[in-house]
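First up is the structure itself, then whatever we jot down about it.
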């Protein structure tokens, strides 16, 4: 997948290089000539963008110079543009925290000055930054805002880019239907404006959805539509993604020679452009290839290379897959201690990724409550100030108006009493919500026990398989270890989960049974997990099924709940129970 735009062109024809150099020389000359600060700031930002991929240090210095000049002459628009340029520079250097802070500043300035285009492009980049930090809800909020503005402005190139980024978020969350929808929207928009580079990205991304849903022939067709476009426009980074994806299809088909050829080509391209983020994907695929062909030394070498580059570039999913691959290879070689160590890292990262969305939702809700509380305090302060002015004005009037003021003050007192009661009611609601959060947290802890059992079973199975390879006296000790491990398994996890679940949603099962008596026990379990807004990936991990099986179960459940021809989601529907 190449959802995040990185402009890294290495092999370019001499004419292109000459044109680029002339353009930079032209910008540099104009900077020296102009005496208009606003124009100079704009030129400095353009020159910074032109150097961003070839010389990041020079690009950064030019953007800082533009920002310094904008602040010295109090050019607000120039400051916003300079902050935006610095943010894009930081994003490309993987400094996501700095990039996010700069984008928030530029976004606020664009908003205050009613610059819709600037506000939208800052929102688009901010959405990409949040995505790299796995803050998916914030990312979608920023991207949907950007898409609405670009649609109104009829900026179709940016609109298509935004659709592509939204599709990338749904892809990361394993929501392939939504991902396909937005990748398709980006393809249609890029087709409308005849953007070759955009078409290549859309073809590749749609191919990736087809590959992951098992439609390998369709996937290969779309990858091969993308390849000639990327070759013609010399997008070597995107071409490397194409080759890596094609190779993964050949790995699934068992055509290892073809897979090896495309992965070597992808590795050659990533080395030529120095893109470590893409290289981590290619090394991961090479690790899988050599694992399946039982060249374990090479497999470990490439998994380790992927792990190191993913750690350096922040690609957590690659870290997770690389550590899992190494644990499997070490196990196959009989090195059980190393296998266990890497499997533990894999589980830890997996648990972290699974909890990201839940933590984000809790944080967002807490921030919303704080924001609403601050607004109420401001409204009360404003209202009190207004009444104080009224009292001062009434004191200057005659005896009759003072009598009227007395009546007015009684009304004010009554109104304050109502406000105090309303505050008490809001505080009571907040306490109720906090209690629900605690119950929800208890439910999540129970679900965590399921994953712990899974790990215990995994270790027990590995020990059981390996027992026969040890001496007789060691086998007794291993058998004791297996018994102790199995004794630590909590067999009543689902019962505990249901008890905790019913503490939060007391009448859920009763209402569900009354409205849909034909539901099976497994259906009701799936409903309970969906009611907690859990992802397909989480449900698959808990129920020991693969994500595709869960998707099939969800489709069947929609039919049983009479939702087949309705646009309402399962989660939204179950929230009413």
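The values are calculated or read from the model by the stated rules, or taken from the named source; none is laboratory data. Computed from a predicted structure; not experimentally measured. Backbone-built Cβ (ideal geometry, glycine too); neighbour counts: all protein chains shown.
A few comments on the model shown:
- Flag for residue 197 being modelled with pLDDT under 90 and closer than 18 Å to residue 547 by Cβ: no
- Screening segment 541-550 for residues that are part of a helix (DSSP H, G or I) and surrounded by fewer than 18 Cβ atoms within 10 Å (Cβ to Cβ) and picking the one that is modelled with the lowest pLDDT gives 543.
- Single match in 557, 512 (criterion: buried (at least 17 other Cβ atoms within 10 Å of the Cβ), assigned to a helix (DSSP H, G or I) and within 32 Å of the chain's Cα centre (by Cα)): 557
- Residue check for residue 357: touching a helix residue (DSSP H, G or I) at 6+ places or on another chain (Cβ under 7 Å), modelled with pLDDT under 70, over 30 Å from residue 270 (Cα atoms) and assigned to a helix (DSSP H, G or I): yes
Each row is one residue, and each column tells you yes or no for (1) exposed (fewer than 12 other Cβ atoms within 10 Å of the Cβ); (2) out of contact with any helix residue (DSSP H, G or I) (no Cβ under 8 Å at 6 or more places or on another chain); (3) modelled with pLDDT of 75 or more; (4) not in a helix (DSSP H, G or I).
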site: 411; (1), (2), (3), (4): yes, yes, yes, no
site: 418; (1), (2), (3), (4): yes, yes, yes, no
site: 426; (1), (2), (3), (4): no, no, yes, no
site: 430; (1), (2), (3), (4): no, no, yes, no
site: 441; (1), (2), (3), (4): no, yes, no, no
site: 450; (1), (2), (3), (4): no, no, no, no
site: 479; (1), (2), (3), (4): no, no, yes, no
site: 484; (1), (2), (3), (4): yes, yes, yes, no
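- Residue match in segment 560-568 (condition: touching a residue at least 24 places away in the same chain (Cβ under 8 Å), farther than 30 Å from residue 459 by Cβ, under 31 Å from the mean Cα position of the chain (by Cα) and in a helix (DSSP H, G or I)): no
- Every residue from segment 452-474 that is over 42 Å from the mean Cα position of the chain (by Cα) and either surrounded by fewer than 13 Cβ atoms within 10 Å (Cβ to Cβ) or at pLDDT 80 or above (or both): 468, 469, 471, 472, 473, 474
- Residue check for residue 167: surrounded by 23 or more Cβ atoms within 10 Å (Cβ to Cβ) and touching a residue at least 40 places away in the same chain (Cβ under 8 Å): yes
- Meets criteria (under 26 Å from residue 55 (Cα atoms) and part of a helix (DSSP H, G or I)) for residue 139: no
- Scanning segment 65-80 finds no residues that are free of Cβ contacts under 8 Å to residues at least 60 places away in the same chain, under 22 Å from residue 186 (Cβ atoms) and assigned to a helix (DSSP H, G or I).
- Of the residues in segment 276-284, not one is more than 16 Å from residue 247 (Cα to Cα) and at pLDDT 90 or above.
- Residues of segment 69-101 satisfying the condition of being under 24 Å from the mean Cα position of the chain (by Cα) and on the phi > 0 side of the Ramachandran plot: 94
- Qualifying residue in segment 92-99 (condition: assigned to a helix (DSSP H, G or I), touching a helix residue (DSSP H, G or I) at 6+ places or on another chain (Cβ under 6 Å), closer than 24 Å to residue 316 by Cα and without any contact (Cβ under 8 Å) to a residue 24 or more places away in the chain): yes
- Condition check for residue 533: within 32 Å of the chain's Cα centre (by Cα) and outside any helix (DSSP H, G or I): yes
- Within segment 424-437, residues that are closer than 17 Å to residue 500 by Cβ reach partners that are modelled with pLDDT of 70 or more and surrounded by 11 or more Cβ atoms within 10 Å (Cβ to Cβ) with beta carbons closer than 7 Å, at six or more positions or on different chains, in the pairs 436/504.
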